[in-house]
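Below you'll find the structure, written out as structure tokens, and then a few comments.
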Amino acid sequence: MIIKHINNSFFEITSERRFKLICDPWIGGMKDTGTWSYPNLSSNKNILNKLKPDLVYISHLHSDHYDENIIKNLKNKKTKFIVKKFRDQRLKNKIESLGIKNVIELQEWEPFKFKNFEITIIPCDESNNQEIDTFINYDLDTSILIYDKKSKTCFYNNVDNPCSLNILKKVKNISKKRYKKIDIASFAPRPASEYPQNFINLTNNQKNKFKNLIIKRTLNNAFDKCNKLSIKNYIPAGGNFILYGKYHKMQKYVAHPSIAEMDNFFIKKKKL
């Protein structure tokens, strides 16, 4: 299995037999926002035609995961798309409205076999990643578990799913039973949030203070999840963007840890 992280939650996953799975393709500006994909600072809406995927996974409807312009520019309309079988079928219907005919809805937790891959969609059980009790009947986000039978490698891509540690315990147990272990996982060590940079009632000193507090909290959250899955290899993905145009001066207050900050944090905590 070859895993290439392009940006945000955009992954290219290739099996040893060259079957290719793409997760959440997004490059360029995020629809109706002042954010841009990073580190890719060019808008390439034909990127799927270059990558030529056999399978495309779309985790949820947010426009940094479901990019209509990229999907509708895909020339090979026979490419298969996989989504969770949501109670609300808006995601499936939106993809089909772009001319895609092969949208496969997967039941949560049920393995789906495609060539060398065995794929499992992991549901969302929380509306926030702080496990704060709510009365929201939440069915929006998903994660994906990918096993390559040829290389015997298991990859867990959490995407933006604010799932509880109980869900991760189930992911670990299923992976251990089916594949022995999870070899590599991806969690966002950063929030995709407007706070604190966009809050005009905060002073610059307050923004810096809250930025540092949020970075510390999200890094600890990512570590707890890695620990829960007992993984040794970690990709910091998701929530990665920059503010552009007239908003660019607020970028320095965005709660995104640098690569150096992540390295220092995880080296102190555990060898990953």
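The values are calculated or read from the model by the stated rules, or taken from the named source; none is laboratory data. Owing to the predicted nature of the structure, the values given are computational and were not obtained by experimental measurement. Because the Cβ atoms are built from the backbone with ideal geometry, glycine has one as well, and the counts that use them run over all protein chains shown. In case anyone asks, the SASA skips ligands and DNA or RNA and just uses the protein heavy atoms, side chains included. Shrake-Rupley method; radii C 1.70, N 1.55, O 1.52, S 1.80 Å.
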>> Any residue at all in segment 263-270 that's out of contact with any Leu (no Cβ under 7 Å at 6 or more places or on another chain) and closer than 23 Å to D64 by Cα?
In response: no
>> Suppose we filter P196, P162, P191 for residues that are under 30 Å from G34 (Cβ atoms) and in contact with a Gly (Cβ under 7 Å, 6 or more places away or on another chain); which single one remains?
In response: P191
> Does segment 7-54 hold any residues that are over 26 Å from K246 (Cα atoms) and among the aliphatic types (A, V, I, L, M), and which are they?
Replying inline: I13, L21, I22, I47, L48, L51
>> Give all pairs with beta carbons closer than 7 Å in which a residue from segment 52-76 that is under 19 Å from G238 (Cα atoms) meets a residue that is small (G, A, S); count only pairs at least 6 apart in sequence or on separate chains.
In response: S59/S9; H65/S9; H65/S59
>> Return the residues of segment 226-251 that are closer than 21 Å to K181 by Cα and under 14 Å from the mean Cα position of the chain (by Cα); say none if nothing qualifies.
In response: Y234, I235, P236, A237
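Residue-by-condition table, conditions (1) hydroxyl-bearing (S, T, Y); (2) open to solvent by 20 Å² or more (accessible area, probe 1.4 Å); (3) on the phi > 0 side of the Ramachandran plot; (4) in a loop (DSSP other than H, G, I, E, B):
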{"site": "I13", "(1), (2), (3), (4)": "no, no, no, no"}
{"site": "R17", "(1), (2), (3), (4)": "no, yes, no, yes"}
{"site": "L21", "(1), (2), (3), (4)": "no, no, no, no"}
{"site": "T33", "(1), (2), (3), (4)": "yes, yes, no, yes"}
{"site": "W36", "(1), (2), (3), (4)": "no, yes, no, no"}
{"site": "L41", "(1), (2), (3), (4)": "no, yes, no, yes"}
{"site": "K45", "(1), (2), (3), (4)": "no, yes, no, yes"}
{"site": "K50", "(1), (2), (3), (4)": "no, yes, no, no"}
> Taking the stated definitions as given, is K269 at pLDDT 90 or above, more than 15 Å from A188 (Cβ to Cβ) and basic (K, R)?
Replying inline: no
> Can you pull out the residues in segment 52-95 that are in a loop (DSSP other than H, G, I, E, B) and farther than 17 Å from T142 by Cα?
Replying inline: K52, P53, D54, N73, L74, K75, N76, K77, K78, T79
> Does segment 76-107 hold any residues that are surrounded by fewer than 15 Cβ atoms within 10 Å (Cβ to Cβ) and closer than 29 Å to I242 by Cα, and which are they?
Replying inline: R90
> For D139, which of the numbered conditions (1) of a type outside the set (S, T, N, Q); (2) at pLDDT below 90; (3) more than 23 Å from S59 (Cα to Cα) fails to hold?
Replying inline: (3)
> Does W26 satisfy the criteria of being open to solvent by less than 70 Å² (accessible area, probe 1.4 Å), within 19 Å of the chain's Cα centre (by Cα), more than 27 Å from I122 (Cα to Cα) and aromatic (F, W, Y)?
Replying inline: no
>> Scan segment 1-11 and tell me whether some residue there is modelled with pLDDT of 95 or more, surrounded by fewer than 22 Cβ atoms within 10 Å (Cβ to Cβ) and touching a Lys or Arg at 6+ places or on another chain (Cβ under 7 Å).
In response: no
